[in-house]
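Let me begin by presenting the structure, written as structure tokens, before commenting on it.
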Amino acid sequence: MELDLDEMQSVIRRLNRARGQIGGIVKMIEEGRDCQDIVTQLAAVSKALDRAGFAVIATGLRACIANPDGETMDVAQMEKLFLSLA
């Protein structure tokens, strides 16, 4: 199922922020920053990526509900997507 690019703009923004955070984490490591600060930033990036993944799945579900006669995704596929983010 293809997702609408307009609906994915918030996901793109979130991923771009995460990209910046990852660059910051690399710089923190290279500068020898405190372990706690690095882990805190890693946790923030991980949460941002998880939320982006769930937003993609939610967008796909909305598309399925809005167009039930379109391309279908079976329950096993949807479950596999959800569990891949766990």
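The values are calculated or read from the model by the stated rules, or taken from the named source; none is laboratory data. Keep in mind it's a predicted model, so treat the numbers as computed, not measured. We place every Cβ from the backbone using ideal geometry, glycine too, and count neighbours over all the protein chains shown. Quick note on the areas: whole protein, heavy atoms, side chains included, nothing else; ligands and nucleic acids left out. Shrake-Rupley method; radii C 1.70, N 1.55, O 1.52, S 1.80 Å.
Miscellaneous remarks
- The candidates LYS27, LYS80, arranged from most to least accessible area with a 1.4 Å probe in the full protein assembly, appear as LYS80, LYS27.
- Only protein heavy atoms count here; on that basis, with a 1.4 Å probe, ILE29 has an accessible area of about 100 Å².
- Extension gain for ASP4 to ALA76 (0.36 nm times residue separation, less C-alpha to C-alpha distance): 23.6 nm.
- Label-point separation, ARG13 to ILE29 (7 Å along Cα→Cβ), nm: 2.9 nm
- Segment SER84-ALA55, extension gain: residue separation times 0.36 nm, minus the distance between their alpha carbons: 9.1 nm
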